[in-house]
Amino acid sequence: MPHHLGQAASCKLASPAASSYALRAKLRPALRLPRTSPYLCPVQQLENSLKTALQAAAQAVFGVEIPAASLTLQPTRKEFAGSFTLVTFALTKVLGKGPEQIGQALGEWLQANEPRVSGFNVLKGFLNLEIADAEWLAVFEQLRAQPATAPVATDGPQNVVVEYSSPNTNKPLHLGHLRNNFLGYSVAEILKATGATVTKANLVNDRGIHICKSMIAYQHFGQGETPQSAGLKGDHLAGKYYVLFEKHYREEIRQLEAEGVTNEVAKKSAPLMAEAQQMLQAWEAGDPEVKALWSLMNGWVYEGFDATYKNIGVDFDKFYYESGTYLLGKERVEEGLEKGVFFKKENGSVWVDLQAEGLDEKLLLRADGTSVYITQDLGTAELKYQDFGYDSSIYVIADEQNYHMQVLQATLKKLGKPYADAIHHLSYGMVDLPSGKMKSREGTVVDADELVRDVVAAAKAATLEKGKTEGLSDAELEELYHMLGLGALKYYLLKVDPKKRMLFNPEESVNLEGDTGPFIQYSHSRTAAVRRKAVELGVDETADWASVTELHSADSELIQELARYPAVVAEAAKNLSPAVVAQYAYDLARNYNRFYAKVPIFAETDLAKRNLRLALSARTGEQLKAAFGLLGIQVPERM
RNA sequence: GGUUGUGUAGCUCAAUUGGAUAGAGCAUCUGACUACGAAUCAGAAGGUUUAAGGUUCGACUCCUUACACGACCA
């Protein structure tokens, strides 16, 4: 490993040399391991027991056995009475009756024989079931038996590598990288919440023509400038020279064209580009002077990245560097030739034919023996498997590389790699601006560091305006502004389905009302205020509510929302979608605020009810914190 | 040209994977702070789900065709 990215680079999962792939393959013939049975959340358990009761009802009333799979139970829509709805259309054929008739008959039987069902109503083909308050109290008890952060067992993968961020070292991070970083971090945390072992990996693209461009420009115009002397973060300094290269390079092309050279030839023959190409060759040949400059500039960049990563709150367990892996793929190419799944053309270049897979012929190694992108990807995939023996390897990469990732997976399959099926491309859409696409050449790229500064400043201004932070120290205030600014930004980027292209509106991103991160952070700080007040009033925290028999609808609705959290985590993990968690956090916060406005807590005269509501409020706070933790967003005690 | 993704209120996003009258937020309008925190809550208005067919008890969701925008591959 040629470099270290500061503290973030602590590779606690560094692989022991003994863990060879061959050994692991023997130990692990199948990628999917047998699992403990998935954990069902209280709501799912209730649904299952309702299904069993419905089967019994069908048996008793119609004398027909219904498979559980044909019973579709869903949450009742808000405008109707009830909590669960059975769609009876699907049963008309099996039971030989009309949908209303079925609903009525099943409902009557349940109300008479199933104590959990306190009432029902039928509308067309929908049977709405009302659940007894005692059952909701039991559900809440069951939920509370586990802490909000308890792992949710699923039948998903248990040993996962999530590769994300993977920046180029010639310029600082921008808005697009932020979506990538937030997604990668969050998906890793969500998978951890299912009990999986997760390794966050970063494959740093530290070699190639792009960094040579920065280096050439630095040699020409740098005059020994350093991040310290320039007062610039290292990544921004490298970016400055990359821009300078492009500027002078364009100028050279223009001059050549003025002399009558065609654009195509000018691009290739411009002196600066020739120098950059030469430098790349010198680098590959190990030229000590070039390597020294490369180390120096990359070192600056890593310091800059390290600061940004720290600032935005993402981390990594393992760094890979292309300078260390780019040659590895050639072995895989040899392997493919030996196995006869790759072929050589007359000029010596190596290809794989993927037409049977609906793809194309793909170049794997150039005629001169130099590698292309996919060559190193083949090598890195193998290396990652040697290091971690994963049963799932997730690549967080923008959807412009969909084809590339398909080719990678298909090629690994051709090679007969057991881990080929474990590869998963988490493909996310690009981020657009109101002005259109981000284009680095047109200078419309939103810089990550600058953006973070802006959102934090906006959070600060709004917080000062509210003026509710009396008693916080200056340091605590700075922390709060940062928490709120980043909360707004992360939530904004994560609430959208990853696979969809999205629009970044700077004004909306710093908004803190409605469907925003700060709204949910505010809701959490409300639960914290309730807790403080309870302590202030000397309410016994262990006080129970055993005598409560009747609930307000706001109570039971909040319980129902709270109790589906484990199912939400499982779904988010299955779909690799932080948006599912974000949506849930918003729903829970809204539910809580409604509860807060509708029913009294401290003014409640029935002390058992008051105790229940305190417990509901506390649990809401824990789950908002847990859910936001999965998104990489912190929540404040007051704001 | 080939492959592929997307298209939902003025704008940004949802829709339990085929279920009820398609839901939220922003913006607009109206109400609620000497209530436990108004970064909140309650309400109004806003839709031929790009278009046309098809599949069935039922379609934003599945199929076909067209259109628009994007990405990738020559």
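The values are calculated or read from the model by the stated rules, or taken from the named source; none is laboratory data. Quantities reported herein were computed from a predicted structural model and do not represent experimental measurements. A quick note on method: Cβ atoms are made from the backbone with ideal geometry, for glycine too, and the neighbour counts reach across all protein chains shown.
Values as computed for the structure displayed
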{"item": "Residue that is within 16 Å of RNA strand B (Cβ to nearest atom), in contact with an Asp or Glu (Cβ under 9 Å, 6 or more places away or on another chain) and closer than 18 Å to A:ALA56 by Cα, where the choices are A:VAL87, A:VAL117", "result": "A:VAL117"}
{"item": "Residue list for segment A:422-461, filter: of a type in the set (A, V, I, L, M, F, W, C) and within 9 Å of RNA strand B (Cβ to nearest atom)", "result": "A:MET430, A:VAL431, A:ALA459"}
{"item": "Qualifying residue in segment A:493-510 (condition: under 14 Å from A:GLY621 (Cα atoms), at pLDDT 95 or above and more than 8 Å from RNA strand B (Cβ to nearest atom))", "result": "no"}
{"item": "Positions within segment A:467-500 being touching a helix residue (DSSP H, G or I) at 6+ places or on another chain (Cβ under 8 Å), assigned to a loop (DSSP other than H, G, I, E, B) and under 23 Å from A:PRO578 (Cβ atoms), in sequence order", "result": "A:LYS495, A:VAL496, A:ASP497, A:PRO498, A:LYS499"}
{"item": "Residue match in segment A:424-442 (condition: in a loop (DSSP other than H, G, I, E, B) and of a type in the set (Gly, Ala, Ser))", "result": "yes"}
{"item": "Positions within segment A:336-381 being more than 16 Å from RNA strand B (Cβ to nearest atom), surrounded by 14 or more Cβ atoms within 10 Å (Cβ to Cβ) and under 14 Å from A:LYS414 (Cβ atoms), in sequence order", "result": "A:GLY336, A:LEU337, A:VAL341, A:PHE342, A:PHE343, A:LEU378, A:ALA381"}
{"item": "Check on A:LEU464, assigned to a helix (DSSP H, G or I), farther than 23 Å from A:ALA188 by Cα and in the same structural domain as A:TYR390 (by TED's automatic domain parsing)", "result": "no"}
{"item": "Long-range neighbours under 9 Å by Cβ, at least six apart or interchain, first residue on the phi > 0 side of the Ramachandran plot within segment A:286-315, second modelled with pLDDT of 95 or more and in a helix (DSSP H, G or I)", "result": "A:GLY313/A:TYR185; A:GLY313/A:LEU486; A:GLY313/A:LYS490"}
{"item": "Segment A:469-484, residues that are within 24 Å of A:GLY629 (Cβ to Cβ) and not polar (S, T, N, Q)", "result": "A:LEU472, A:ALA475, A:GLU476, A:LEU477, A:GLU478, A:GLU479, A:LEU480, A:TYR481, A:HIS482, A:MET483, A:LEU484"}
{"item": "Selection from segment A:605-624 of residues that are over 34 Å from the mean Cα position of the chain (by Cα) and of a type in the set (D, E, K, R)", "result": "A:ASP606, A:LYS609, A:ARG610"}
{"item": "Pair list, Cβ < 6 Å and 6+ apart or interchain, from segment A:596-622 residues that are farther than 14 Å from A:SER553 by Cβ to residues that are among the hydrophobic types (A, V, I, L, M, F, W, C) and within 8 Å of RNA strand B (Cβ to nearest atom)", "result": "A:SER617/A:VAL530"}
{"item": "Residue count, segment A:525-563 (criterion: in a helix (DSSP H, G or I) and near RNA strand B (Cβ under 10 Å from one of its atoms))", "result": "12"}
{"item": "Verdict on A:GLU571 being farther than 19 Å from A:ALA153 by Cα and either near RNA strand B (Cβ under 10 Å from one of its atoms) or in contact (Cβ under 8 Å) with a residue 40 or more places away in the chain (or both)", "result": "no"}
{"item": "Qualifying positions in segment A:511-524 - assigned to a helix (DSSP H, G or I), within 6 Å of RNA strand B (Cβ to nearest atom) and of a type outside the set (Phe, Trp, Tyr)", "result": "A:PRO518"}
{"item": "From the options A:PRO271, A:PRO288, A:PRO227, residue that is farther than 30 Å from A:VAL161 by Cβ and touching a Lys or Arg at 6+ places or on another chain (Cβ under 7 Å)", "result": "A:PRO227"}
{"item": "Condition met for A:ALA148 (in contact (Cβ under 8 Å) with a residue 40 or more places away in the chain and small (Gly, Ala, Ser))", "result": "yes"}
{"item": "Hits in segment A:320-349 (condition: touching a Phe, Trp or Tyr at 6+ places or on another chain (Cβ under 6 Å) and under 24 Å from A:TRP283 (Cα atoms))", "result": "none"}
{"item": "Some residue of segment A:479-487 being crowded, with 22+ Cβ neighbours inside 10 Å, near RNA strand B (Cβ under 6 Å from one of its atoms) and touching a residue at least 24 places away in the same chain (Cβ under 8 Å)", "result": "yes"}
{"item": "3 or more residues in contact (Cβ under 8 Å) with a residue 24 or more places away in the chain and crowded, with 19+ Cβ neighbours inside 10 Å: qualifying helices (runs of 4 or more DSSP H) within segment A:33-122", "result": "A:42-62, A:99-113"}
{"item": "Scope segment A:142-193; condition of a type in the set (D, E, K, R), over 20 Å from A:MET430 (Cβ atoms) and touching a helix residue (DSSP H, G or I) at 6+ places or on another chain (Cβ under 6 Å); matching residues", "result": "A:GLU189"}
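Each row is one residue, and each column tells you yes or no for (1) more than 24 Å from A:PHE519 (Cα to Cα); (2) modelled with pLDDT under 95; (3) buried (at least 21 other Cβ atoms within 10 Å of the Cβ).
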| position | (1), (2), (3) |
| --- | --- |
| A:ASP544 | yes, yes, no |
| A:LEU558 | no, no, yes |
| A:ALA572 | no, no, yes |
| A:VAL581 | no, no, yes |
| A:ASP587 | no, no, no |
| A:ASN593 | no, no, no |
| A:ASP606 | yes, yes, no |
| A:GLU622 | no, no, no |
| A:LEU631 | no, no, yes |
